[in-house]
Amino acid sequence: MDFITNIIKLKPERINEYIILHKHVFPDVLDRIAASNIRNYSIFLHDDLLFSFYEYHGEDHDADMAAMAGDQSTREWWTLTEPMQSPLPGRKNGGWWTETGKVFQRINDTVVNEPLDIKRYAFVGMGRKRDEEKGREGDGGKYRGIRNSELGTRHHCHPGRSRGAALILGIRQLHLSIHNDRVFLYIEAFEDVEENKLNELKSLVSDQLPGSGTPEWIAMKPVFHTDMPKTKKVFVTGCFDMLHSGHIAFIEEASRHGELYVSIGSDENVQQLKGRYPVNNQEERMYMLKSLKYVKECLLNTGFGIMDFTEELKKVQPDIFIVNEDGNTPAKAAFCHEHGIEYKVLKRIPHANLPRRSTTGLRQECSIPYRIDIAGGWLDQPWVSKHHPGPVITVSVEPTIEFNYRSGMATSTRRKAIEIWKTAIPAGDREQLAKLLFTYENPPGTKEVAGSQDALGIVMPGVNKLNYAGEYWPHAIDSNHDEDILQWLEGVLCLVPLGPRVQDYNVLDNTSINAQGAKALSVAAEACWEAIMDKDTGALGTYMRASFEAQAAMFPNMVDETILAGIAAYRDRVSGWKLSGAGGGGYLILVADKPLEGAVKIRIKRKANLY
């Protein structure tokens, strides 16, 4: 934050007109002032001299001033005000007002956001005797003159007397500046200051001015003030392990909306959500985040699960809760709506020309895909497909983000693939490689065999129709690598995180598996395949939803009230939906012909870039 003070002459015959005009400033002009990062802008008048003070909260003053000069409403305003004014010498870069030289300033660390809590005063000091050896030609020796080049730290007020007086008097800000024969004193106080205390403060300031004699302090009349907008509190939460440029870009963008509070997941909760402990423990992560200039405060979440931050959020009481696309969930949105908090979803955009980064990518560059089952899931289990044969439709998904553990994206199978192949699936027959992965994940004696659609969905690129008939392995596989179809599918499918399944979730309780249910699942999956081949968004949505309903009829534990609420939040904007994997959490997979704000787009693995 910087502080700018300026002066300009006002034509005597236009004074009343100027004051009246500034009681009715154009709303667009006020909006432009705020957009140019100007806060607490005040103008005062003495005789025919205008004195202005404002705080600059941006990073490029020249650029913000250029934006103001280019604003049409502001230019129209200036056509009214500039004929009333007479610029003074010493203007910089062709400016209109003349900036005064800073002598010293005192800022109280206490933050007050409400403008009504603050009283503002401005005084012009006249009549201080000048030092002969530093006087200016032509001023008649009447006033003390200090050249701007001489202003610096050696003129800062005495730390003991000025600070003590300021604190006693309840001063929020005190600024002293000089232009030629005038000294300007700007004061902000938390409450009305008694006249004798103001005089005491002015006397203290006078004593510390270079030169001799006591200047006559004359109160300036307030003409204009823009309220200091309440600084909004912004809340973000996450793991923030192995801090990288992607994290910083997100934090920087979030901080533009207000004071930023970051609340991080505990080591234990990260392990529960991601299936691994963070590389950097919670103390290290908090230390690094607290060190960032964008972060007001860093807290440690005390809860568990994807909503582990609720107690910290209640403590901070933010105005805005910000997430990125893969952190967006209906539960978070609903929580914010319930508590009157604005909810914003940011896109993952790298800063400038930097590469896209994720913690997964830093841990190891791994190209092994995830998989999505679009329809027919459960038919890869022989105890389902024995009732009626049918297909499971899968797509192999590039690891563009770190999908949540236990989320129905075949993360467990993918981990087994990483154990075997480290960072990439090797060259070779894709079905044989999938059999190897399936066998490795399900050694002899495995009680609950993972379906082969997980291994096949990861290893086989494109979109695949896996045809099952009472066996663990499909009797036939239909694959499609048509680029038009894959691009269309990427365009209409998107994911919304719901959060990982809880540890004690058991989808196999309370099942109702029968021939009618298996047939309904099979028919819906076949229809989905045809819709994909025809690139028919409406049909894909209809039959994907029918497939999900057939799954839920046989496996009721897939769905709970939280999941139904998540579906309800999107059902009017999409043509179809289902849950990833076995449900109980994970992701909502949605079909929409238009992009959905806050949803995660997928990238399908192509045959052409296998290795």
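The values are calculated or read from the model by the stated rules, or taken from the named source; none is laboratory data. Keep in mind the model is a prediction, meaning the values are calculated, not measured. Because the Cβ atoms are built from the backbone with ideal geometry, glycine has one as well, and the counts that use them run over all protein chains shown. These accessible areas exclude ligands, DNA and RNA; they are computed on the full protein's heavy atoms, side chains included. Shrake-Rupley method; radii C 1.70, N 1.55, O 1.52, S 1.80 Å.
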*Find the residue count for region 231-252, including only residues that are open to solvent by less than 40 Å² (accessible area, probe 1.4 Å) and assigned to a loop (DSSP other than H, G, I, E, B).*
4
*Considering region 49-105 alone, what residues qualify as being in contact (Cβ under 8 Å) with a residue 24 or more places away in the chain, open to solvent by 20 Å² or more (accessible area, probe 1.4 Å) and over 38 Å from the mean Cα position of the chain (by Cα)?*
LEU80, PRO83, SER86, PRO87, LEU88, GLY90
*asked:* Quick test of your reading of the structure: GLY598 fulfils all but one of (1) assigned to a loop (DSSP other than H, G, I, E, B); (2) of a type outside the set (A, V, I, L, M); (3) modelled with pLDDT of 95 or more. Name the failing condition by number.
replied: (3)
*Please work out which one of (1) over 21 Å from PRO497 (Cα atoms); (2) open to solvent by 60 Å² or more (accessible area, probe 1.4 Å); (3) in a helix (DSSP H, G or I) is the condition ARG285 fails and give its number.*
(2)
*Residue that is of a type in the set (A, V, I, L, M), assigned to a strand (DSSP E or B) and either in contact with a His (Cβ under 7 Å, 6 or more places away or on another chain) or closer than 18 Å to ASP373 by Cβ (or both), where the choices are VAL507, VAL496*: VAL496
*For residues that are assigned to a helix (DSSP H, G or I) and more than 18 Å from LEU498 (Cα to Cα), tally how many sit in region 552-563.*
2
*Selection count, region 474-497, where residues are open to solvent by 30 Å² or more (accessible area, probe 1.4 Å) and hydrophobic (A, V, I, L, M, F, W, C)*: 3
*asked:* Being at pLDDT 95 or above and surrounded by fewer than 17 Cβ atoms within 10 Å (Cβ to Cβ) is the requirement here; does THR439 meet it?
replied: yes
*Can you name the residue in region 359-386 that is β-branched (Val, Ile, Thr) and modelled with pLDDT under 95 and, of all such residues, is least open to solvent (accessible area, probe 1.4 Å)?*
ILE368
*State yes or no: is ASP31 closer than 23 Å to GLU188 by Cα, without any contact (Cβ under 8 Å) to a residue 60 or more places away in the chain and surrounded by fewer than 14 Cβ atoms within 10 Å (Cβ to Cβ)?*
no
*Restricting attention to region 7-27, does a residue exist that is within 25 Å of ARG172 (Cβ to Cβ), in a strand (DSSP E or B) and either among the basic types (Lys, Arg) or touching a Phe, Trp or Tyr at 6+ places or on another chain (Cβ under 6 Å) (or both)?*
yes
*Which pairs do you get when a residue that is open to solvent by less than 40 Å² (accessible area, probe 1.4 Å), found in region 528-551, comes within reach of a residue that is aromatic (Phe, Trp, Tyr), reach meaning Cβ atoms under 8 angstrom, with the pair 6+ apart or on two chains?*
CYS528/TYR543; ALA531/TYR543; GLY541/TRP577; MET544/TRP577; PHE548/TRP577; GLN551/TRP378
*Among the residues of region 262-281, is any in contact with a His (Cβ under 7 Å, 6 or more places away or on another chain), within 23 Å of VAL600 (Cβ to Cβ) and either part of a loop (DSSP other than H, G, I, E, B) or of a type in the set (Phe, Trp, Tyr) (or both)?*
no
*Could we say that SER255 is surrounded by fewer than 21 Cβ atoms within 10 Å (Cβ to Cβ), free of Cβ contacts under 8 Å to residues at least 60 places away in the same chain and out of contact with any Lys or Arg (no Cβ under 6 Å at 6 or more places or on another chain) here?*
yes
*asked:* Checking VAL507 against (1) open to solvent by 20 Å² or more (accessible area, probe 1.4 Å); (2) at pLDDT below 95: exactly one of these is not met. Which one?
replied: (1)
